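Worksheet for the structure shown next.
Please treat every number below as a calculation from the coordinates, not as lab data. Values in this document were obtained by computation on a predicted structure and should not be read as measured data. Neighbour counts are summed over all protein chains in view; Cβ atoms, including those assigned to glycine, are modelled from backbone coordinates with ideal geometry.
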Amino acid sequence: MDKRKLMPKRQRLDGAVRTGPLNGPLHSRPLVALLDGRDCSIEMPILKDVATVAFCDAQSTSEIHEKVLNEAVGALMWHTITLTKEDLEKFKALRIIVRIGSGVDNIDVKAAGELGIAVCNVPGYGVEEVADSTLCLILNLYRRTYWLANMVREGKKFTGPEQVREAAQGCARIRGDTLGIVGLGRIGSAVALRAKAFGFNVIFYDPYLPDGIERSLGLTRVYTLQDLLFQSDCVSLHCTLNEHNHHLINEYTIKQMRPGAFLVNTARGGLVDESALAQALKDGRIRAAALDVHDNEPYNVFQGPLKEVPNLICTPHAAFYSDVASTELREMAAGEIRRAIVGRIPDSLRNCVNKEYFLGSGPASSAYESTGAPGSGPGGMPSLPAGLNGGYYGALPGMGSSTPSPDQNLCVFVSISPERLINVAKKCRVRTIDESDEITTLQENNDHDGGEETVMDARSLFTPADILWMIRHEIDSVRSETKQILQIGSTKMTLFQGQSIELTPL
């Protein structure tokens with residue numbers, strides 16, 4: 001038997017208890033919050049081993065709990081809450097937002113990037129469901145099934161062909177009509193292929209696609225929105241919403257449509273000027289319209305410009321939904337959060353939509369301008385592409401995959417209490433580091449008690465998730481109490497009166 005196993009552990013002469021590294025299994029997990037919902041049953045199994053998951057069920061940031069605003073490093077959100085720059089600045093530790101869906105028009109993605117927050121979406125979900133719903137709405141407009149069913153439900157009797165003809169007035173044949181698709185992405189392409197099977201002549205307008213797509217799908221491409229509106233018997237919108245296409249369908253563009261054309265929108269409510277559409281439906285300029293999305297959601301049939309408008313079908317932003325699609329959507333959103341925690345931001349993310357503003361790769365951020373430090377994030381925080389939980393779920397990162405330059409080797413300490421940092425600082429002294437050393441170490445100064453000298457890996461003491469919390473919440477109090485205890489530099493941390501500990505990045 002190994003005698004070492006029977007020997008009692010050597011006691012420290014000062015009676016102190018030697019604690020393990022902070023980045024082990026007992027280390028607190030980062031907080032991830034579902035902002036505008038309650039059900040986390042699908043997300044929890046995916047995230048429970050790497051994060052603490054909470055829900056807020058909020059409609060605005062004023063309803064979000066202070067703990068989430070102060071500590072959440074990840075957020076999941078649907079389309080029922082809006083995050084402006086002012087809202088984003090309320091979050092003190094946030095590093096990633098995942099929109100449970102494809103549209104991110106309810107998030108200021110530029111401001112988020114400048115604040116060091118990655119914004120992701122889930123573009124590949126529910127393609128079949130939205131395409132099927134779109135065709136369902138188109139068929140309802142052409143065949144007037146919705147209105148005929150309502151007549152039967154209301155007790156109307158069709159005793160002869162005259163009554164049928166009167167009730168079904170306006171029903172149209174599909175074959176040979178032209179369907180114009182605005183935006184030929186995943187959903188637009190799926191709609192086009194389905195529409196061809198029904199006999200539509202399909203044309204599309206999408207200025208972002210390369211030439212040749214139309215040949216592969218057997219479609220006709222037009223190069224201006226005006227041409228599409230002029231040629232189409234039915235217009236279906238499948239583009240994202242941005243500052244350039246808000247109210248794409250308005251009083252002016254409606255006049256460019258064929259008289260008596262149909263309009264379908266299953267993309268974003270802001271694409272359609274509802275006041276202009278209401279007037280066009282009343283005048284008969286547009287024969288009928290179907291909207292699954294609206295300018296103001298949830299849609300209220302008793303309010304707004306579409307109140308009591310004829311020949312209009314409205315559904316509650318449900319085109320994406322099926323039991324299978326909903327599960328897949330939430331699993332993919334939770335998976336993106338998990339990749340952020342265990343991997344690197346934004347390198348490990350599959351669908352980051354604001355990389356051009358993230359980590360200083362786009363326009364200079366306000367944080368950069370205020371601190372003057374390259375790679376700085378909000379509050380002077382180093383904007384590193386880090387795993388959110390540091391050493392336990394992901395290594396301390398450098399800036400990207402290439403070898404960091406000296407200015408980029410920023411020390412990142414993150415969820416260690418100020419008291420523990422102070423205690424560690426008091427016990428540590430600088431060790432001379434040669435260039436040949438592979439691991440930077442701290443030596444615990446026990447000279448005063450004659451005990452053993454312990455050398456430990458400095459990186460095991462601190463994790464990025466912990467230091468992020470301290471920098472953004474406790475840095476002012478720490479500085480006021482200990483003066484020069486923590487100073488972020490290119491490769492050094494200053495502890496007390498200029499004494500420094502140098503860390504070598506992984």
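Within the set of other residues whose C-beta is less than 11 Å from the C-beta of ILE345, count the net charge using Lys and Arg as +1 and Asp and Glu as -1.
+2
Could I have the simple spin-label model distance between ALA54 and ARG350, label points 7 Å from Cα toward Cβ, reported in nm to one decimal?
2.9
How much length is gained if the chain between GLU297 and HIS65 is pulled fully straight, taking 0.36 nm per residue apart and subtracting their Cα-Cα distance, in nm to one decimal?
This chain segment gains 81.2 nm when fully extended.
Above 25 Å lies some portion of the pair distances; for segment 143-246, what is it as a whole percent of all C-alpha pairs?
Tail fraction, whole percent: 37.
Add +1 for every Lys or Arg and -1 for every Asp or Glu among the other residues with Cβ under 10 Å from the Cβ of ILE249, and state the total.
Working: positive: none; negative: GLU251, ASP273, GLU274.
Once all neighbours under 10 Å are counted, the net charge is -3.
Once the other residues with Cβ under 10 Å from the Cβ of CYS40 are scored (Lys, Arg +1; Asp, Glu -1), what is the net sum? Don't jump to the answer; show the numbers that get you there.
Working: positive: ARG38, LYS48, ARG330; negative: ASP39, GLU43.
Its environment carries a net charge of +1.
Answer with one residue from ILE181, THR240, ALA168: the one whose Cα lies farthest towards the positive end of the charge dipole of segment 156-274, charges on Cβ with Lys, Arg +1 and Asp, Glu -1.
Value computed over the given set: ALA168.
Determine, for each peptide in 276-289, 51-64, 86-99, the mean count of other beta carbons within 10 angstrom over its residues, then list the peptides with the highest first.
Going from most to least packed, we get 86-99, 276-289, 51-64.
Just the ratio, please: alpha-carbon radius of gyration of segment 127-314 over 2.2 N^0.38 Å, N its number of residues. Intermediate values should be presented prior to the final figure.
Numbers: Rg = 16.5 Å, N = 188, 2.2 N^0.38 = 16.1 Å.
In units of the globular-protein estimate, segment 127-314 measures up at 1.03.
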